[in-house]
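Accompanying notes for the structure given below.
The values are calculated or read from the model by the stated rules, or taken from the named source; none is laboratory data. Remember, it's a predicted structure, so these values are computed and weren't measured experimentally. Cβ atoms come from the backbone with ideal geometry, glycine included; neighbour counts cover every protein chain shown. Please note that ligands, DNA and RNA were not included when accessible areas were found on the heavy atoms of the full protein model with its side chains. Shrake-Rupley method; radii C 1.70, N 1.55, O 1.52, S 1.80 Å.
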Amino acid sequence: MIKLPGLIDPHVHVREPGATHKEDWDTATQAALAGGFTTILAMPNTTPPIFDEKTLDLGLASAKEKARCDYAQFLGAGPDNASLAAELAPRAAGLKMYLDSTFGELRLDDMSLWMAHFASFPKNLPIVLHSESRTMAAGILFAAIYDRPVHIAHISLKEEVLLIKAAKEKGIKVTCEVAPHHLLLTAPSSVPPASGGETLIPPPFTGGARGGRLEVRPRLATQADVDALWANLDVIDCIATDHAPHTLEEKDSENPPPGFPGLETALPLLLTAVDEGRLRIDDLIEKMHTNPKRIFNLPDQPETWIEVDEDARYEIRSAEQFTKCGWTPFEGWQVKGRVTRVLLRGKEVVKDGKILAKKGFGSNIRE
Ligand code: NCD
Ligand code: ZN
């Protein structure tokens with residue numbers, strides 16, 4: 001048995017309000033606890049999006065009633081809520097800005113709309129950017145101009161990790177996260193990097209998923225991108241799931257929405273990487289506890305830890321998950337390492353696959 005600190009997931013789509021057929025505060029926080037997360041930070045691209053006092057109150061009311069682990073709620077940056085968001089900041093996990101293709105209504109294309117947010121959002125919390133490739137470079141330039149922290153969500157490309165590395169070396173206040181799926185899966189059309197004389201070209205590795213199920217933003221990338229992420233893990237501050245549940249029916253439809261569930265698979269997949277010698281357990285703790293705690297200014301959770309049977313081998317099965325969405329792109333993967341027990345603020349909240357925390361046990365860490 002090994003003991004780890006309660007994990008923190010800074011990127012979870014809870015889906016409440018507005019899409020509780022995909023997930024809600026009850027099922028998302030059960031999935032979180034089952035996966036070893038004792039704190040989650042909830043994204044604001046709900047229906048309605050969370051961007052003012054009324055919608056923040058609405059989201060937090062459901063969380064207060066149903067959450068089984070601790071949490072905070074992000075505010076979404078809209079075209080004209082910069083001063084409101086700055087006022088509400090003490091009650092929020094941070095500010096999320098959608099600058100690229102995404103699911104939902106919160107998207108800011110015009111850079112002049114970014115300025116007010118960069119100028120007014122308090123600097124003790126990061127602005128989290130959904131920004132890819134050159135948009136990410138623009139976001140980092142904004143961090144430099146306004147001399148304030150930004151956190152780049154779900155990086156997936158070699159060019160992104162290399163630019164973040166260079167920006168950090170210049171002292172720009174940028175941090176970033178990667179999702180397990182961008183470390184472990186490649187796009188179906190992915191071609192491996194040209195390597196001298198290599199004739200054996202392995203097939204792209206998309207796990208158990210196909211077709212619409214593979215839709216995710218950012219898109220799965222190439223093997224060269226995946227290799228660059230692993231080679232530059234020291235540049236990557238956090239591993240965040242970007243748990244983005246959609247039902248199987250939706251994923252297999254004509255117009256599949258992008259997103260993968262991830263709360264229950266992240267830790268076993270990463271413990272397996274530790275077992276294979278691809279990741280050190282200290283890095284896992286740093287990227288899933290220490291760094292997110294520091295970056296998002298989160299309080300201590302006294303008497304909180306998770307217990308893991310690091311020798312348990314099993315197959316990932318969606319039928320055993322607590323998420324409502326009913327599937328995982330990692331169906332059938334063999335993993336090693338199982339969460340056996342979770343303690344949160346002195347209370348046993350998970351024991352041998354059962355969630356013992358009651359609805360409402362979770363507390364808002366910004367309250
Ligand atoms: C997210 C979702 O479904 O809310 N989807 C995704 O593919 N990651 C939206 C997002 O994070 O862009
Ligand atoms: Zn997301």
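Here are the numbers for this structure:
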read-out	value
Qualifying positions in segment 34-63 - touching a Phe, Trp or Tyr at 6+ places or on another chain (Cβ under 8 Å) and within 22 Å of Ile295 (Cα to Cα)	Thr39, Ile40, Leu41, Ala42, Met43, Pro44, Asn45, Ile50
Residue match in segment 163-173 (condition: modelled with pLDDT of 95 or more, acidic (Asp, Glu), open to solvent by 30 Å² or more (accessible area, probe 1.4 Å) and more than 14 Å from ligand 1 (Cβ to nearest atom))	yes
Residue in segment 100-109 that is over 20 Å from Thr47 (Cβ atoms), open to solvent by 10 Å² or more (accessible area, probe 1.4 Å) and aliphatic (A, V, I, L, M) present	no
Hey, Lys359 in contact with a Lys or Arg (Cβ under 6 Å, 6 or more places away or on another chain), in a loop (DSSP other than H, G, I, E, B), open to solvent by 40 Å² or more (accessible area, probe 1.4 Å) and touching a residue at least 40 places away in the same chain (Cβ under 8 Å) or not	yes
The one condition in (1) farther than 16 Å from Pro5 by Cβ; (2) open to solvent by less than 10 Å² (accessible area, probe 1.4 Å) that Leu270 fails to fulfil	(1)
Checklist (1) within 16 Å of ligand 1 (Cβ to nearest atom); (2) not in a helix (DSSP H, G or I) applied to Arg148, failing item	(1)
Matching residues in segment 90-113 - criterion: being touching a Lys or Arg at 6+ places or on another chain (Cβ under 9 Å) and assigned to a helix (DSSP H, G or I)	Pro90, Arg91
Test: residue in segment 73-88 that is under 22 Å from Thr290 (Cβ atoms), within 16 Å of ligand 2 (Cβ to nearest atom) and either part of a strand (DSSP E or B) or in contact with a strand residue (DSSP E or B) (Cβ under 8 Å, 6 or more places away or on another chain) (or both)	yes
Matching residues, segment 110-132, being touching a residue at least 60 places away in the same chain (Cβ under 8 Å), out of contact with any strand residue (DSSP E or B) (no Cβ under 6 Å at 6 or more places or on another chain) and surrounded by 17 or more Cβ atoms within 10 Å (Cβ to Cβ)	Leu125, Glu132
Count - residues of segment 34-53 that are more than 21 Å from Asn297 (Cα to Cα) and either touching a residue at least 60 places away in the same chain (Cβ under 8 Å) or within 16 Å of the chain's Cα centre (by Cα) (or both)	4
Selection within segment 63-72 - open to solvent by 10 Å² or more (accessible area, probe 1.4 Å) and assigned to a helix (DSSP H, G or I)	Lys64, Glu65, Lys66
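Quick grid of which residues meet (1) part of a helix (DSSP H, G or I); (2) in contact with a strand residue (DSSP E or B) (Cβ under 9 Å, 6 or more places away or on another chain); (3) open to solvent by less than 10 Å² (accessible area, probe 1.4 Å); (4) at pLDDT 95 or above:
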site	(1), (2), (3), (4)
Asp9	no, yes, yes, yes
Pro17	no, no, no, yes
His21	no, no, no, yes
Gln30	yes, yes, no, yes
Leu33	yes, yes, yes, yes
Ile40	no, yes, yes, yes
Leu56	yes, yes, yes, yes
Ala61	yes, no, no, yes
